[in-house]
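Read the structure below first, then the notes.
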Amino acid sequence: MWKKALDLLKRPTSLGLAGTVGIAVGIIGWGGFNTAMEATNSLEFCISCHEMRNTVFEEYKKTIHYSNPAGVRAICSDCHVPKDWTHKIVRKVQASKELWGKVTGYIDTPEKFEEHRLELAKHEWARMKASDSRECRNCHSFEAMDFAHQKKKEASDQMQKAWKEGGTCIDCHKGIAHKLPDMTTGYKSIFSALVDASKGATYAAGDKPTSLVTKGFWLEKPASESAAVDGRLLAPTPVEVLARDGDFLKVKISGWQQEGAERMLYALQGKRIFVAALGSDTLDKVEHGKTMTDPDTEQKWTEASLGAWISSAMLTRNTPELESFGAEMYNASCGLCHAAPQTGHYLANQWIGNLNAMKRFVALDDEQFRFLQKWVQLNAGDTGGHK
């Protein structure tokens, strides 16, 4: 077959000439395409726009990937463009959206870039996570690592743990080449939207809103919110509305009491998930239901409910968005330095100790930390979470 094709090309006919021209055009076209493809992988091309040159490039120049004792430099395409042909073409097609962003001025100022930094970073982290940090592994591999000679034992232990558990590079090295975005902006924006939506909301008997923040409650309707409270409702806690009077709601707070620790209401029997802290004068107002003994601890738990008044502010019906707030806070706080475990990996009571051990590493105030603890507990392995 090849001999016939060569003979055809040798013939001084229009068909042979067309075949020769076609092959030449194909070779030139293919070569031109590959030349252009490689040109778009160059560092010069990547920083040809000021959006990259004046922001992430300046950050990258201060990292070990740009300058190091070994003199090995990883440029933009080494980390952001796959080496193999198939994935490279897919990535180049995806990059057309980035060109559209350039044309429309999506990030054409430092202020716009910072506004969208977290969003852009999340897209790239997700891409690298999905590919098992494929581009990182062009240079790095667990198999080639000399763990005994890594500078910090903690880092060596974490690396070996990641290898054993199937972790991937981007789980722990999100800030390896560029400044990390403000991880708080995601969950703060969700919370701000929830607060805005709660303003002016009205509730009627039978509604079951959830508290956004810790709220004081009163056994009798107070004259104002400045009145001394009889206890505190801890967020996020759903309540059942019994009646409304102006800016106050009479609600039913439900939970469980543990024998010997009756000043606290818990969300579930045997689980230390805080619902409400009760004042001493409140205890005899609590209505009780069935009592049971926990088979694991032999502690007695009793169903309990309390009628109380709360302000109608800072409540929400938007349970899905409240769930998004908790998930975003968890990923931003616990997934920054390492792969955040699935909430179902631990039991509800185990999460208390785990979070307290990590508290000093996260930038959460006390209210946010309490919310996060309750969120992970409600999504733990023994309360409906996923492993």
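Just so it is clear, none of the values below were taken in a lab; they were calculated from the coordinates. This one's a predicted model, so the numbers in the text were calculated from it and none came from an experiment. In this analysis, Cβ positions are derived from the backbone assuming ideal geometry, glycine residues included, and neighbour counts consider all displayed protein chains.
Of note:
- Footprinting exposure proxy for 128, 159 (fewest neighbouring C-beta atoms within 10 Å first): 159, 128
- Pairs of lysine residues in segment 202-316 that meet both criteria, 8 or more places apart or on different chains and Cα atoms under 18 Å apart, total 13.
- Each Lys and Arg adds +1 at its Cβ and each Asp and Glu adds -1 at its Cβ; summed about the Cα centre, the chain shows a dipole of about 1680 debye.
- Those lysines that a straight Cα-Cα span of less than 18 Å connects to residue 153, excepting residues fewer than 8 apart in one chain: 161, 164
- Against the main long axis of the alpha-carbon atoms of the chain, helix 366-378 sits at an angle near 80°.
- Cα-only Debye scattering, the chain: base-10 log of I(q)/I(0) at q = 0.12 Å⁻¹: -1.04
- Cα shape, segment 33-130, gyration tensor, a/c 1.5 rule: rounded
- Relative contact order %, segment 202-316, counting alpha carbon pairs below 8 Å whose residues are six or more apart: 31 percent
- Alpha-carbon centroids, segment 190-224 and segment 291-347: separation in whole Å: 18 Å
- For residue 100 and residue 189, a Förster radius of 25 Å and the Cβ-Cβ distance give a FRET efficiency of 0.55, rounded to the nearest 0.05.
- With a simple spin-label model that places each label point 7 Å from the Cα along the Cα-to-Cβ direction, the separation between residue 58 and residue 287 comes to 6.4 nm.
- Length-normalised contact order of the chain in % [C-alpha pairs under 8 Å, at least 6 apart]: 12 percent
- On Cα atoms only, tilt of 14-39 relative to the major axis of the chain in degrees: 40 degrees
- On Cα atoms only, tilt of 348-358 relative to the major axis of the chain in degrees: 60 degrees
- Amide H contacts under 5 Å for residue 276, placed H, 5+ residues apart: 234, 265
- Dividing the summed helix terms, -39500 (n - 2.57) for each DSSP H run of n ≥ 4, by the number of residues in the chain produces a 222 nm estimate of -13500 deg cm²/dmol to the nearest 500.
- Taking all Cα pairs closer than 8 Å and separated by 6 or more residues, the relative contact order of segment 43-181 comes to 29 percent.
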